[in-house]
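J.: Pasting in a structure now, in structure tokens, and then I'll have a few things to ask.
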Amino acid sequence: MDKIFIVLGAIVVTYVLVKLLKRKTLHPHIPFKYNFGKRRDTFAKVLELLHENNAKVLLETGTSRNGLKNTKGDGAATIVFGLWAKKNSAKLYSVDIDPISVQESEKEVKNQNLSEYVNVVLSDSVTYLKDFEQNIDFLYLDSYDYSEKDEDIQKKSQEHHLNEFKAIENKLHDKTVVLIDDCKLKGGGKGRLVIDYMLKNNWKILMDKYQVLLVKSN
């Protein structure tokens, strides 16, 4: 009987260890319990680059309304980069056209004590980007929701992300880091048009995963 308990205990311990090893975390930046799944590697690389570049102005299109509740599903970028901004005396600007998303995001930003470092804005993203006056150190494109079933929505989402980039292009510099979400999806994902445009305009892909990370070509 003792041997049975020992075997069962070993199985449980092995199972727990395997689960922990598979957990894709951003620890120590974010507590270990949060799993960032398919976005972990690109997020981690961005955080590394932001530190190297001493980034101060971060901008994302499409805000995170769920805080850290769904890190594996939606990435929780507003909180991830908001926490980085707080630790590094930077500022994150997050723009979204949906009032409910903005309201929920503001609640989560406040809950994380990030209000001084994160500015959530209700606006059409293209309009906001055109009027943005500061140079951008990090740009995260994740606004217009994408559909793998509706080709019309796919086209509109891809065109919107291209228009976002063009709207802010003159505020990007040689050290700007650009991350585009939801790229490995049927129909080319959100980044299909904007990535093609960037590659033709002196940008290069640094990481090509579910998210695509781009920097300026030397």
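J.: Are any of the residues in the range 195-217 among the aliphatic types (A, V, I, L, M), touching a Ser or Thr at 6+ places or on another chain (Cβ under 6 Å) and without any contact (Cβ under 8 Å) to a residue 12 or more places away in the chain?
T.: Let us first name the residues in the range 195-217 that are among the aliphatic types (A, V, I, L, M), namely 195, 198-199, 205-207, 212-215.
Subset that is touching a Ser or Thr at 6+ places or on another chain (Cβ under 6 Å): 207, 213.
With the extra rule that they be without any contact (Cβ under 8 Å) to a residue 12 or more places away in the chain, the set shrinks to none.
The answer is no, given that none of the residues of the range 195-217 is among the aliphatic types (A, V, I, L, M), touching a Ser or Thr at 6+ places or on another chain (Cβ under 6 Å) and without any contact (Cβ under 8 Å) to a residue 12 or more places away in the chain.
J.: Could you check the range 6-98 for helices (runs of 4 or more DSSP H) lying wholly inside it with 1 or more residues that are among the basic types (K, R) and either modelled with pLDDT under 95 or buried (at least 19 other Cβ atoms within 10 Å of the Cβ) (or both)? If you could, list the steps in order and put the result at the bottom.
T.: Details: elements: 40-53, 71-74, 77-87.
Answer list for the range 6-98: 40-53, 71-74.
J.: So L47 clears everything in (1) hydrophobic (A, V, I, L, M, F, W, C); (2) touching a residue at least 40 places away in the same chain (Cβ under 8 Å); (3) in contact with a Phe, Trp or Tyr (Cβ under 7 Å, 6 or more places away or on another chain) except one condition, right? Which one?
T.: With respect to (1) hydrophobic (A, V, I, L, M, F, W, C); (2) touching a residue at least 40 places away in the same chain (Cβ under 8 Å); (3) in contact with a Phe, Trp or Tyr (Cβ under 7 Å, 6 or more places away or on another chain), L47 is out only on (2).
J.: List the number of the failed condition for L179; all other conditions in (1) farther than 18 Å from L214 by Cα; (2) buried (at least 23 other Cβ atoms within 10 Å of the Cβ); (3) not polar (S, T, N, Q) hold.
T.: Unmet condition: (1).
J.: A further question follows. What number of residues within the range 42-97 are touching a Gly at 6+ places or on another chain (Cβ under 9 Å) and of a type in the set (D, E, K, R)?
T.: Qualifying residue count for the region: 2.
J.: From the residues in the range 66-94 that are under 13 Å from the mean Cα position of the chain (by Cα) and among the charged types (D, E, K, R), which one is nearest to L139 (Cα to Cα)?
T.: Within the range 66-94, the match that is nearest to L139 (Cα to Cα) is D74.
The values are calculated or read from the model by the stated rules, or taken from the named source; none is laboratory data. Please read all numbers here as calculations on a predicted model, not as lab measurements. Cβ: placed from backbone, ideal geometry, glycine included. Neighbour counts: every protein chain shown.
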